[in-house]
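The values are calculated or read from the model by the stated rules, or taken from the named source; none is laboratory data. Bear in mind the structure is a predicted one, so any value in this text is a computation, not a measurement. Here Cβ is always computed from backbone atoms with ideal geometry, including for glycine, and neighbour counts include all displayed protein chains.
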Amino acid sequence: MNVTAKFKIVLLLALLALTPSAWAQWLTQSIAIKPGWTAVYLHVDASDRLLDQLVGSDPANPIVEIWYWQTPSTPAQILPFQTKPATSPEWASWVRAGYTNSPAGTLNQLMPNAAYLVHSTGTTTFTWTLKGKPVPPSYAWTSSGLNFVGFPTPAATPPSFAAFLAPAPALAGWLQSSASGQHAPGIYRYPGGGLGTNNPSILPSFLWSSTPVTRGQAFWMDAGPAYNNNYFGPFQVTGLSSSSGLAFGDSASQSSFTLKNVTSSNLTVSARLLASESAPAGQVNPVGAPPVLLRGTLVATNLTYPANPLAVNGSTSWTLAPQGQPGSQLTVVIGVDRSVMAGAPGGLYAGTLQFTDSLGLSEVNVPISAQASSYAGLWVGSASITSASNFIKDYARDTNGNLIISSNGPSSLGYAVSNIHTNPGAVASAFPLRLIVHNDGTKAVLLQRVFWGLGVNSNAVVATSQAALDPAHLGAARRISSVDFPWSQSNTAWPLSGPLAPGASLSTEVDLAYDDQPTNPFLHTYHPDHDNLDATFSQELPQGAESYGVTRQITLTVSPPGNDFTSKTTVGQAFSGAYQESVTLKGLGGSTRQFSASGAFGLKRISPIATLTTQP
């Protein structure tokens, strides 16, 4: 592995350490478990706990066996069952401790988007509640056999098979022809009770209109040898940032997803934001639901995007054109309003985006999470000086326009001064200043230079000295410096008056000694009039004789975020605001003269490393 690649991997690991827990949001799925065997399909990820904890630790839970078809791409050839699934490499199983009718299994956790056969020894229907992370539907269908699958239908009002399959006529037609006996059976279901020749049983097409596609129920289905099926309902949610939904971490500003209509008619898709349920024992409860923002249409007058909030339990909707027509799919840009995510950095905000359709056929849950931003790390940017004060004299003249001799002696070239202009004015061309700021979360410092790379312990570091870096990896390291601030051997860090944060006003003082040969602009080592030495080059002159001491009072006033989408979602990754500097020149006898400069500044975080290493 080359050095640059290794450095990038270390930085990636540092960033991953700041991402939220995988268990940020919680949603409960309730499944009716009948006496005997029930086929279930999971729309939540409950793999954070072992089955011995989820099921085995509850004596009131009558479930004694759970079988998992772990190779969904392999055609199922195990129907009909006799008393239970056949022991084979395609099946994994969990068996309650003490239940002796089956050997110990190899299944330890429940995976989402997966079907299971559940065996209950209860005498009545048991409601199995599983709290987990919601997941959008995903399943790899096989066209060469049966698929063990369930569908994301509305839990409260599931549609019938006839209604649910109507938007997929190719699939419905194949299943109808199979049910009529033209080829292998198309849909099997489990009515409960013991397994045998009638359990699972075929679902004939004349029962489609009266049989609900119950959420959480699994079916064996034949998709047909030539049908490339990916039907889970009348619309699809694709292009998510990850398979686990929308995870913004503590720094991501925006993400997107695509809504796609797969029907032949107009379809309205709605999204509702739900707060996360409370976390199970041993897990961290979210602070609250993330403050979701949807990006509006570009405003031509200022080239910004409006930020449209989606409140908890609030909803929004989009109407999609029929499949294959313009407007049948829509990309939605989404973000979180980091300007209102109060509390300690890293605080988890989590919820669920619940998508439904105007046909009442689907209910797709997509998890969404974010962390309160940390402003710690290395920030680099610049200030642009657009205004500066001056020191311009007006000389008095008599009625004839002649200069008037000063009555105070030969000062001011011997002429009387009528006015001195010190007010700031616009500069002819903006002057740039590079800014380097490190913020550890509680305080910030202004730096002249900084080193960023692999440390001697092979961890990524931000340091004030190259000695803190691994000599073997200097080729991948970076030195960032600013000629606008005085260099020193020790690399002075000027403390700012507080941490870097929205709305903060940070000040520091940068002193430049009058006899500092390397950096004082009034000193010219080889010019006898500006070397700060007397005529014999043996005696150093006092301050103000040839060189002035300089004190720079610098203030960075961080602007609060704007009201547009980009401003609200990028808080924590970029800051801007007003730059103000007061420059005091120190002369003979303690005399001083002040000048001011102002403009705007911008900073971007290039590293989240909160520790500034000052020792090798």
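Put simply, of D515, D470 the only residue that is among the charged types (D, E, K, R) and over 30 Å from W379 (Cα atoms) is D515.
Against the condition over 30 Å from P158 (Cα atoms), outside the structural domain of G503 (by TED's automatic domain parsing) and in contact (Cβ under 8 Å) with a residue 12 or more places away in the chain, how does S255 come out, does it pass?
Yes; evaluated as a whole, the condition is true for this residue.
Restricting A115, A97, A162 to those that are part of a loop (DSSP other than H, G, I, E, B) and among the aliphatic types (A, V, I, L, M) reduces the list to A97.
Kindly evaluate V332 against the criterion of being touching a strand residue (DSSP E or B) at 6+ places or on another chain (Cβ under 9 Å), within 22 Å of A155 (Cβ to Cβ) and surrounded by 15 or more Cβ atoms within 10 Å (Cβ to Cβ). Break it down stepwise before answering.
Details: touching a strand residue (DSSP E or B) at 6+ places or on another chain (Cβ under 9 Å): yes; within 22 Å of A155 (Cβ to Cβ): no; surrounded by 15 or more Cβ atoms within 10 Å (Cβ to Cβ): yes.
No: the conditions fail for V332.
Restricting to the stretch 483-503, name every residue that is of a type in the set (G, A, S) and surrounded by 18 or more Cβ atoms within 10 Å (Cβ to Cβ). Result: A493, single match.
Go through the residues of the stretch 412-430 one by one and say whether even a single one is assigned to a strand (DSSP E or B), at pLDDT 85 or above, among the polar types (S, T, N, Q) and farther than 28 Å from A574 by Cα. Within the stretch 412-430, one or more residues are assigned to a strand (DSSP E or B), at pLDDT 85 or above, among the polar types (S, T, N, Q) and farther than 28 Å from A574 by Cα.
I'm trying to understand the selection: among the residues of the stretch 565-580, which are surrounded by fewer than 19 Cβ atoms within 10 Å (Cβ to Cβ) and over 13 Å from P502 (Cβ atoms)? Write out each step before concluding.
Taking the stretch 565-580 first, the residues surrounded by fewer than 19 Cβ atoms within 10 Å (Cβ to Cβ) are 566, 574, 576, 578.
Those that are surrounded by fewer than 19 Cβ atoms within 10 Å (Cβ to Cβ) and over 13 Å from P502 (Cβ atoms): T566, A578.
The residue of the stretch 123-148 that is farthest from the chain's Cα centre (by Cα), among those that are of a type in the set (V, I, T) and surrounded by fewer than 22 Cβ atoms within 10 Å (Cβ to Cβ), is T123. Would you check if there is a residue in the stretch 258-278 being without any contact (Cβ under 8 Å) to a residue 40 or more places away in the chain, within 18 Å of Q25 (Cα to Cα) and surrounded by fewer than 17 Cβ atoms within 10 Å (Cβ to Cβ)? No.
What are the residues in the stretch 508-548 that are among the hydroxyl-bearing types (S, T, Y) and either exposed (fewer than 15 other Cβ atoms within 10 Å of the Cβ) or not assigned by TED's automatic domain parsing to the domain that holds P561 (or both), if any? Quick ask: steps written out before the conclusion?
Filtering the stretch 508-548 for residues among the hydroxyl-bearing types (S, T, Y) gives 508, 514, 519, 525-526, 536, 538, 547-548.
Correct list: T525, Y526, T536, S538.
Applying a threshold of 6 Å to beta carbon distances and a minimum spacing of six or more residues, or different chains, the list of pairs starting in the stretch 555-573 at a residue that is in contact (Cβ under 8 Å) with a residue 40 or more places away in the chain and ending at one that is buried (at least 21 other Cβ atoms within 10 Å of the Cβ) and basic (K, R) reads P561/K568; V571/R338; G572/R338; Q573/R605.
Every residue, every condition in (1) within 23 Å of G296 (Cα to Cα); (2) modelled with pLDDT of 90 or more; (3) part of a strand (DSSP E or B), yes or no:
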{"residue": "L240", "(1), (2), (3)": "yes, no, no"}
{"residue": "A252", "(1), (2), (3)": "yes, no, no"}
{"residue": "S255", "(1), (2), (3)": "yes, yes, yes"}
{"residue": "K260", "(1), (2), (3)": "yes, yes, yes"}
{"residue": "E277", "(1), (2), (3)": "no, yes, no"}
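Tell me whether the stretch 479-487 contains one or more residues that are acidic (D, E) and in contact (Cβ under 8 Å) with a residue 40 or more places away in the chain. Yes, that holds for at least one residue. Taken over the stretch 12-58, the criterion of being modelled with pLDDT under 85 and either crowded, with 18+ Cβ neighbours inside 10 Å or within 15 Å of T129 (Cα to Cα) (or both) is satisfied by L18, P20, W23, A24. Kindly indicate whether any position in the stretch 463-476 is surrounded by fewer than 18 Cβ atoms within 10 Å (Cβ to Cβ), in contact (Cβ under 8 Å) with a residue 12 or more places away in the chain, in a strand (DSSP E or B) and assigned by TED's automatic domain parsing to the domain that holds G562. So far as the stretch 463-476 goes, no, none of its residues is surrounded by fewer than 18 Cβ atoms within 10 Å (Cβ to Cβ), in contact (Cβ under 8 Å) with a residue 12 or more places away in the chain, in a strand (DSSP E or B) and assigned by TED's automatic domain parsing to the domain that holds G562. Condition check for L603 on (1) under 25 Å from R449 (Cβ atoms); (2) at pLDDT below 90: one failure, at (2).
Just to be sure before I move on: is T319 more than 21 Å from the chain's Cα centre (by Cα) and either among the β-branched types (V, I, T) or at pLDDT below 95 (or both) in the structure I sent? Considered against the rule, which asks whether it is more than 21 Å from the chain's Cα centre (by Cα) and either among the β-branched types (V, I, T) or at pLDDT below 95 (or both), T319 comes out as yes. For the stretch 442-455, the condition of being under 29 Å from the mean Cα position of the chain (by Cα) and not in a strand (DSSP E or B) holds for at least one residue.
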